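Note sheet for the following structure.
What follows draws every value from the coordinates through simple rules; no lab data is involved. These numbers were taken from a predicted model, which means no experiment stands behind them. With ideal geometry, Cβ positions are generated from the backbone for all residues, glycine too; neighbour counts draw on all protein chains shown.
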Amino acid sequence: MYRPLLKHVPELVGIIFVFAAMFKLLHPGQATVALESLDVPYELASTIVFGVITIEFYLGVLLIAQIDSKYALASSMGLMFVFTVYLWYLSMLARPPSCGCLGLTGVFNSNKQEALFGLFRNCAILWALKLSYDHNFRLSNMAE
């Protein structure tokens with residue numbers, strides 16, 4: 001039933017990555033301030049945000065264009081895991097900063113709610129990426 005959906009998960013996640021990269025490119029302040037509030041120096045925070053923008057855009061294009069899908073899916077799972085750990089850390093803080101994720105700032109009553117929603121969203125994306133990877137690569141290898 002969900003096999004057609006698994007086929008399109010890479011493209012959907014790719015669109016999310018490109019959107020997130022474009023949002024951070026246009027509004028890098030939120031993500032930079034989030035890192036700065038965790039005692040990361042401004043220059044390092046800016047460099048990290050630029051690196052994240054580059055990686056998100058790169059993986060997003062690979063996923064949308066279906067270029068080296070096995071590498072793109074595996075790398076995307078790794079990136080989403082890192083983002084998920086970061087959001088988990090933010091959700092554990094008494095007064096977390098806004099993560100600057102996807103422009104959702106202002107939708108929630110608190111940054112803690114935003115971090116918890118992001119944690120749930122990232123877990124769902126990780127699960128979908130894993131199922132898609134298994135559907136496209138692990139199951140086909142078992143048949144050989």
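Just so you know, in the stretch 1-11 the residues that are part of a helix (DSSP H, G or I) and free of Cβ contacts under 8 Å to residues at least 24 places away in the same chain include one that is farthest from the chain's Cα centre (by Cα), and it is P4.
Number of residues in the stretch 34-63 that are of a type in the set (A, V, I, L, M, F, W, C), exposed (fewer than 15 other Cβ atoms within 10 Å of the Cβ) and more than 15 Å from the chain's Cα centre (by Cα) equals 2.
Of all residues in the stretch 6-13, at least one satisfies being touching a His at 6+ places or on another chain (Cβ under 9 Å) and either hydrophobic (A, V, I, L, M, F, W, C) or surrounded by 14 or more Cβ atoms within 10 Å (Cβ to Cβ) (or both).
Could you check the stretch 18-63 and list, in sequence order, the residues that are closer than 30 Å to K7 by Cβ and among the β-branched types (V, I, T)?
Our first condition is that a residue be closer than 30 Å to K7 by Cβ; within the stretch 18-63, this holds for 18-25, 52-63.
Once the filter is applied, which keeps residues that are closer than 30 Å to K7 by Cβ and among the β-branched types (V, I, T), the stretch 18-63 yields V18, V52, I53, T54, I55, V61.
The single condition from (1) hydrophobic (A, V, I, L, M, F, W, C); (2) without any contact (Cβ under 8 Å) to a residue 60 or more places away in the chain; (3) closer than 30 Å to L131 by Cα that I16 fails is (2).
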